[in-house]
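Structure first, commentary second.
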Amino acid sequence: MDQDARNLLRSLLLGQRLLALAVLVDDRPVIGQVPFALRPDGSGLLIHVSRLARHTAGLTNDAPFSALLQLPDLPEADPLQVPRLTLEGKADLLERGSEAYDQAAALYQERLPTSAITFQLGDFRLVELVPEKGRLVGGFARALSVRPEDLKEALQEG
């Protein structure tokens, strides 16, 4: 991965706050859009989701997910050139009251301060999306595979 690709990867991971999340619910694809916070080393994306949302039913331990982050599609831009990152991996439910939960909740609320109220609600769960592979598209005919190590390296450079 060259420097331009690492810069784009870092920009997508740190500059975006929403991701499109696809999961399986009753063997059917379901998609939702959720805010996320990133672990500082890039090893996981933290989401805080309501059990009332359809996509949350597909977020069980080790459940597969696919996520999409993209830069805005501006009217003057060519839609084929919109930079984006897709990630695939497994979900990890964090147990409320555990040290891992408390650390992740602090990271999430630091990134998204207005979310503090949702941590008082009983129907929300904190989930870590652990990427196993991905694809970075920098524009038309500019795509490359992304490994978990690439996420970590891109974030270390910033």
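The table for this structure:
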read-out: Leading residue by the ranking (nearest to Leu9 (Cα to Cα)) among those in region 112-136 that are out of contact with any helix residue (DSSP H, G or I) (no Cβ under 9 Å at 6 or more places or on another chain) and not in a loop (DSSP other than H, G, I, E, B); value: Arg135
read-out: Residue pairs meeting the criteria (Cβ under 9 Å; at least 6 apart or on separate chains; first farther than 14 Å from Phe36 by Cα, in region 83-109; second surrounded by fewer than 19 Cβ atoms within 10 Å (Cβ to Cβ) and aromatic (Phe, Trp, Tyr)); value: Leu94/Tyr101; Glu95/Tyr101
read-out: The lone exception for Arg28 - which of (1) free of Cβ contacts under 8 Å to residues at least 12 places away in the same chain; (2) surrounded by 12 or more Cβ atoms within 10 Å (Cβ to Cβ) it fails; value: (2)
read-out: Some residue of region 62-69 being surrounded by fewer than 16 Cβ atoms within 10 Å (Cβ to Cβ) and either without any contact (Cβ under 8 Å) to a residue 40 or more places away in the chain or over 21 Å from Leu8 (Cα atoms) (or both); value: yes
read-out: Meets criteria (assigned to a helix (DSSP H, G or I) and exposed (fewer than 11 other Cβ atoms within 10 Å of the Cβ)) for Leu107; value: no
read-out: Residue ID - farthest from Ser50 (Cα to Cα), chosen from residues in region 137-157 that are hydrophobic (A, V, I, L, M, F, W, C) and not in a strand (DSSP E or B); value: Ala141
read-out: Failed condition for Pro40, given (1) closer than 19 Å to Asp150 by Cα; (2) surrounded by 14 or more Cβ atoms within 10 Å (Cβ to Cβ); (3) touching a Leu at 6+ places or on another chain (Cβ under 8 Å); value: (2)
read-out: Filtered residues of region 55-83 (kept if over 17 Å from Leu129 (Cα atoms) and in contact with a Gly (Cβ under 9 Å, 6 or more places away or on another chain)); value: Leu71, Asp78, Leu80, Gln81, Val82, Pro83
read-out: So Glu110, is it under 17 Å from the mean Cα position of the chain (by Cα) and at pLDDT 95 or above; value: yes
read-out: Set Pro83, Pro75, Pro113: member being of a type outside the set (D, E, K, R) and farther than 17 Å from Arg17 by Cα; value: Pro75
read-out: Those residues of region 143-157 which are crowded, with 16+ Cβ neighbours inside 10 Å and either touching an Asp or Glu at 6+ places or on another chain (Cβ under 8 Å) or hydrophobic (A, V, I, L, M, F, W, C) (or both), in sequence order; value: Val146, Pro148, Leu151, Ala154, Leu155
read-out: Top-ranked residue in region 120-142 [being at pLDDT 95 or above and hydrophobic (A, V, I, L, M, F, W, C); ranked as surrounded by the most Cβ atoms within 10 Å (Cβ to Cβ)]; value: Val127
read-out: Hits in region 113-145 (condition: aliphatic (A, V, I, L, M) and without any contact (Cβ under 8 Å) to a residue 60 or more places away in the chain); value: Ala116, Ile117, Val137, Ala141, Ala143
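The values are calculated or read from the model by the stated rules, or taken from the named source; none is laboratory data. Just so you know, these numbers come straight off a predicted model, no measurement behind them. Neighbour counts are summed over all protein chains in view; Cβ atoms, including those assigned to glycine, are modelled from backbone coordinates with ideal geometry.
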